[in-house]
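**Student:** Pasting in a structure now, in structure tokens, and then I'll have a few things to ask.
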Amino acid sequence: MSADILVTGGEGQLALEFKKLLPEAHFAGRAELDITDLQAVQSFVKQHQIKTIINCAAYTAVDNAEDDAARAYLVNAAGPENLSKTGCRLIHFSTDYVFDGKKGTPYLPEDECRPLSVYGRSKRAGELAALSAPCAAVIRTSWLYAAQGKNFVKTIYRLGHERDCLKVVADQAGSPTYACDLAAAVVTLLPKLTPENSGIYHYADAGVCSWYEFAVEIMKLCGLSTRVEPITTAEYPLKAVRPAYSVFDCSRIKDTFGVEIPCWKKSLETCLKQF
């Protein structure tokens, strides 16, 4: 059933979730396929008779991107552009970083993008490139985590075992998203994606919290006694500016494809059971 599907970014946390759901698909990491090489992409698609591409490949080092803009744009913008030229259906993932976080109410897919960082701008460029495919769904997500890969949950889990106290930013709000849930949503929409319903969609698990509240919930579910203290963004300066408000309105993906969205706390509990 999934033998004509290519999943790029084959060893990333999201791609690894697709491996569980689409075991017959082709999975290609950077070593197997460099999406910034158009000739390589076209050759791979032709050789394996690919009809659908799920692009999990991305440059995600948000702060490094400020000094490495060329590489960020190469992977996040030129890569999706190459994939869009294959004629395949394209699922491409984007981010809350395309917004400035100043809206204060949940972002709709059609809201104006005002990225604050090189990473955000490169991802916005990738969205526009992906949408040039004959049939494409650009899915923005936020605060992604899984039991594997590098992410906030794994970092807090590790630090909770190493330290007595953690200081975590409390003035940024968003919706933690379990990569397993996002992958399941994509598998649900795949059979229903057509040129007529191509476009931008939002997917994040239900509910809203701060990074501080997220960390507190991780400690609680893990039974750890590590104290978590709230701090401001100004007290934890980073090179790239983050949006202060990253909450999505996900009604379009639910209404169009019948996607079900679980609560972030329940999904976090499910994920932590794997640790």
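The values are calculated or read from the model by the stated rules, or taken from the named source; none is laboratory data. Just so you know, these numbers come straight off a predicted model, no measurement behind them. Quick reminder, even Gly has a Cβ in these numbers, built from the backbone with ideal geometry, and neighbours come from all protein chains shown. Each accessible area value is taken on the protein alone, full model and side chains, heavy atoms only, with ligands, DNA and RNA left out. Shrake-Rupley method; radii C 1.70, N 1.55, O 1.52, S 1.80 Å.
**Student:** (1) in contact with a Leu (Cβ under 8 Å, 6 or more places away or on another chain); (2) among the hydroxyl-bearing types (Ser, Thr, Tyr); (3) surrounded by fewer than 20 Cβ atoms within 10 Å (Cβ to Cβ): which one isn't true of Thr141, the others all being true?
**Tutor:** Condition (3) is where Thr141 drops out.
**Student:** Which residues, counting only those in the range 95-115, are under 18 Å from Thr233 (Cα atoms) and open to solvent by less than 60 Å² (accessible area, probe 1.4 Å)?
**Tutor:** Taking the range 95-115 and keeping what is under 18 Å from Thr233 (Cα atoms), we get 96-97, 99-104, 115.
Within the range 95-115, Asp96, Tyr97, Phe99, Asp100, Gly101, Gly104, Pro115 meet the criteria.
**Student:** Next question, about the same structure. Grab the helices (runs of 4 or more DSSP H) fully contained in the range 170-264, keeping just those with 2 or more residues being among the hydrophobic types (A, V, I, L, M, F, W, C) and more than 17 Å from the chain's Cα centre (by Cα). Please lay out each step first, then the result.
**Tutor:** Numbers: elements: 179-189, 211-222, 251-257.
Here the list reads 211-222.
**Student:** Would you check if Asp34 is charged (D, E, K, R), touching a helix residue (DSSP H, G or I) at 6+ places or on another chain (Cβ under 6 Å) and more than 22 Å from Tyr245 (Cα to Cα)?
**Tutor:** Yes: the conditions hold for Asp34.
**Student:** Within the range 246-275, restricting attention to residues that are of a type in the set (Phe, Trp, Tyr) and in contact with an Asp or Glu (Cβ under 9 Å, 6 or more places away or on another chain), which residue is farthest from Asn64 (Cα to Cα)?
**Tutor:** By that ranking, first place goes to Trp264.
**Student:** Of all residues in the range 184-224 being open to solvent by less than 40 Å² (accessible area, probe 1.4 Å) and aromatic (Phe, Trp, Tyr), which is farthest from Lys265 (Cα to Cα)?
**Tutor:** Only one residue fits best here, namely Tyr201.
**Student:** Sticking with this one: Give me the residue from the range 125-144 that is in a loop (DSSP other than H, G, I, E, B) and out of contact with any strand residue (DSSP E or B) (no Cβ under 7 Å at 6 or more places or on another chain) and, out of that set, farthest from Val98 (Cα to Cα).
**Tutor:** Filtering the range 125-144 for residues that are in a loop (DSSP other than H, G, I, E, B) and out of contact with any strand residue (DSSP E or B) (no Cβ under 7 Å at 6 or more places or on another chain), the one farthest from Val98 (Cα to Cα) comes out as Pro134.
**Student:** Among the numbered criteria (1) farther than 27 Å from Cys113 by Cβ; (2) crowded, with 18+ Cβ neighbours inside 10 Å; (3) acidic (Asp, Glu), which single criterion is violated by Asp181?
**Tutor:** Looking at each condition in turn, Asp181 falls short on (1).
**Student:** Of all residues being surrounded by fewer than 18 Cβ atoms within 10 Å (Cβ to Cβ) and of a type in the set (A, V, I, L, M) in the range 225-239, which is farthest from Thr105 (Cα to Cα)? Just the residue, please.
**Tutor:** Per the criteria, the residue is Leu238.
This table checks each residue for (1) surrounded by fewer than 20 Cβ atoms within 10 Å (Cβ to Cβ); (2) touching a residue at least 24 places away in the same chain (Cβ under 8 Å); (3) outside any loop (DSSP other than H, G, I, E, B).
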site	(1), (2), (3)
Lys20	yes, yes, yes
Val41	no, yes, yes
Ala57	no, yes, no
Ala72	no, yes, yes
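**Student:** Quick one: count up the residues across the range 74-115 that are in a loop (DSSP other than H, G, I, E, B) and either modelled with pLDDT of 95 or more or of a type in the set (S, T, N, Q) (or both).
**Tutor:** Residues meeting the conditions: 19.
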